[in-house]
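What follows is a short report on a single structure.
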Amino acid sequence: MGVLVYLAAGWMLLVALYGLVTSRNLVHAVGCLSVAQASTYVLLLAVGYRDGATAPVFSDLAPGSRPLVDPVVQALALTDVVVGATVTALLLALTIQLRKRYSTLDPQALTGLRG
Amino acid sequence: MTARGRVLLFGAGAVVVAVFFGLSCGELPRFGATAHPYGDRAVAASLAHRTANVVSSVNFDVRAFDTLGEESILFATVLGATLLLRLARDEQVRPAPAEGVLPTTRLLGIVLLPLALVVGVYIVAHGQLSPGGGFQGGVVLATALHLGYVAADYRVLERVRPLAVLDVADSAAAAAFTVMGLAGLAAGGAFLKNVLPLGTFNQITSGGTVPLFNAAVGIEVASGVIVLLAHFLEQAVEMSGPPEGGGSAEEEH
């Protein structure tokens, strides 16, 4: 079980990259990028897990009564989610403009550079 | 490069990544291991500053400088999307048509919209106590407003969404984060230092500056997401441009 969680994160990353490489639609490619980003959430949260631990929130828990999972990686995952959402938004905005100017969403049809 | 060549190149690269990633996974701490030196220190720091939600303490106290960068990224994205999705020379805005909705859908919206707004404010305000905070609550607030679009129509959404005010709120909240950081510098000698009285542990007024940073981020995220979605919705609902393919004068086929 030990290494499997980390390997799952790596597997997610590779699947997402395969999707990016073979993508025929830019919206699909943006989705693949989100999956690639999601693999980092899995890796971060897996690194922070501790056997038998609970959430690092004391609103209903006496301090020191139970082991806690690592809050630092959870905070990193939160940052990761926010940055991922902003990247998705910008890429979709770019996709809209590409669709308007080149009338295609297929990245493989976007070959020439035009000034 | 052909599609097949691209897949072959990716396959070769993927094998290399998979082998080295797999090898390095064996060197990582065991999954579920008990040694988390940074986590233990973050919990201690959070308890010392009487912040019940350790993740909030990490984000808005210990790592507040990183969060400043994070919310700056969000602000830059709103600016970027505004720039990218501005009205082009060959496009016009036409008023969105009024649309009919089922009375039950309308009722759901009327009941759910205020409820969702209150939940959003609750999540922002209790960020230092329970899971939640400015980022999560801000998204709830922004989503709540869009119930107006789902349960009525685009005209209603435009009425409940004062974009000019939200643009200013977004910038002001982003600036407030920095100003509070400077206040920490002036009062405590370090940028973003938690200088306010820490309050009583597990009460809404605990955590010093953490609730204030949460509020600033909550306002920024809520207004930022609404502005961002407004630009996307404008493209989908209101924009009438030249027929498919945009600038046909530029097309050469």
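Summary of values
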| item | result |
| --- | --- |
| Partner chain coverage, peptide A:87-95 - average Cβ within 10 angstrom | 5 |
| Estimated 222 nm signal from helices in chain A, with DSSP H stretches of n ≥ 4 weighted -39500 (n - 2.57), rounded to 500 | -23000 deg cm²/dmol |
| Dipole-positive endmost among A:GLY52, B:LEU192, A:ALA36 within the protein assembly as shown (Cβ charges, Cα centre) | A:GLY52 |
| Relative contact order of chain B, pairs being alpha-carbon contacts under 8 Å that are 6 or more residues apart, as % | 26 |
| Nearest-ten-degree value, helix A:4-22 long axis tilted from longest Cα axis of chain A | 10 |
| Ordering of B:6-14, B:150-158 by packing [mean C-beta count within 10 Å, highest first] | B:150-158, B:6-14 |
| Highest-first arrangement of B:191-203, B:16-28, where packing means the average Cβ count within 10 Å | B:191-203, B:16-28 |
| Unit charges on C-beta of K, R, D, E only; dipole of the protein assembly as shown, Debye | 320 |
| Percent accessible area from carbon and sulfur atoms, segment B:36-252, protein chains only, probe 1.4 Å | 69 |
| Euclidean distance between Cα centres, segment B:106-120 to segment A:33-61, Å | 31 |
| Charge context of B:VAL43, other residues only, Cβ under 12 angstrom, K/R +1, D/E -1 | +1 |
| Chain A: angle of helix A:71-102 to the longest principal axis, Cα-based, in degrees nearest 10 | 10 |
| Gained length - B:LEU115 relative to B:PHE10, 0.36 nm times residue gap less alpha-carbon distance | 32.9 nm |
| Most to least packed among B:56-69, A:12-25 [average Cβ atoms within 10 Å] | B:56-69, A:12-25 |
| Computed FRET value (nearest 0.05) for B:VAL160 with B:TYR38, which takes r as the C-beta separation and R₀ as 35 Å | 0.20 |
| Angle between chain A longest axis and helix A:26-48 axis [Cα atoms, degrees, rounded to 10] | 20 |
| Tensor-based shape of chain B (alpha-carbon gyration tensor, a/c under 1.5 rounded, otherwise prolate or oblate) | oblate |
| 222 nm mean residue ellipticity, helices alone, for chain B (DSSP H n ≥ 4; -39,500 (n - 2.57); rounded to 500) | -21000 deg cm²/dmol |
| Average accessible surface area per residue within segment B:36-252, 1.4 Å rolling probe, Å² | 48 |
| Förster-model FRET efficiency, 30 Å R0, A:TYR18 and B:ALA236, C-beta, rounded to 0.05 | 0.50 |
| Derived scalar couplings ³J(HN,Hα) [segment B:121-127; Karplus, 6.51 cos²θ - 1.76 cosθ + 1.60; whole Hz; x for Gly, Pro] | 5, 4, 5, 5, 6, 9, x |
| Total formal charge among the other residues, if their Cβ is under 15 angstrom from that of B:LEU212, Lys/Arg +1 and Asp/Glu -1 | -1 |
| Cβ-based net charge around B:PHE75, under 9 Å, with every Lys or Arg adding one and every Asp or Glu removing one | -3 |
| Cα centroid of segment B:45-90 to Cα centroid of segment A:1-25, whole Å | 27 |
| Computed lengthening from B:LEU107 to B:ARG89, 0.36 nm per intervening residue step minus Cα-Cα distance | 2.4 nm |
| 1.4 Å probe, heavy atoms, protein only - residues of segment A:52-71 losing at least 50 Å² accessible area vs chain alone | A:VAL57, A:PHE58, A:SER59, A:PRO71 |
| Fully extended contour minus Cα-Cα distance, from A:SER59 to A:ASN25, at 0.36 nm per residue | 7.7 nm |
| Gap separating the Cα centres of segment A:84-99 and segment B:3-24, nearest whole Å | 27 |
| B:ASN53 long-range amide H proximity, modeled H, under 5 Å | A:PHE58, B:LEU129 |
| Shielding of B:225-237 by partner chains, average beta-carbon count, 10 Å | 2 |
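The values are calculated or read from the model by the stated rules, or taken from the named source; none is laboratory data. What you see is a predicted model, and the numbers here were worked out from it, not measured in a lab. Heads up, the Cβs are rebuilt from the backbone with ideal geometry, glycines too, and the neighbour counts pull from every protein chain shown. For the accessible areas, the whole protein counts, side chains as well, though only heavy atoms, and no ligand, DNA or RNA atoms are used. Shrake-Rupley method; radii C 1.70, N 1.55, O 1.52, S 1.80 Å.
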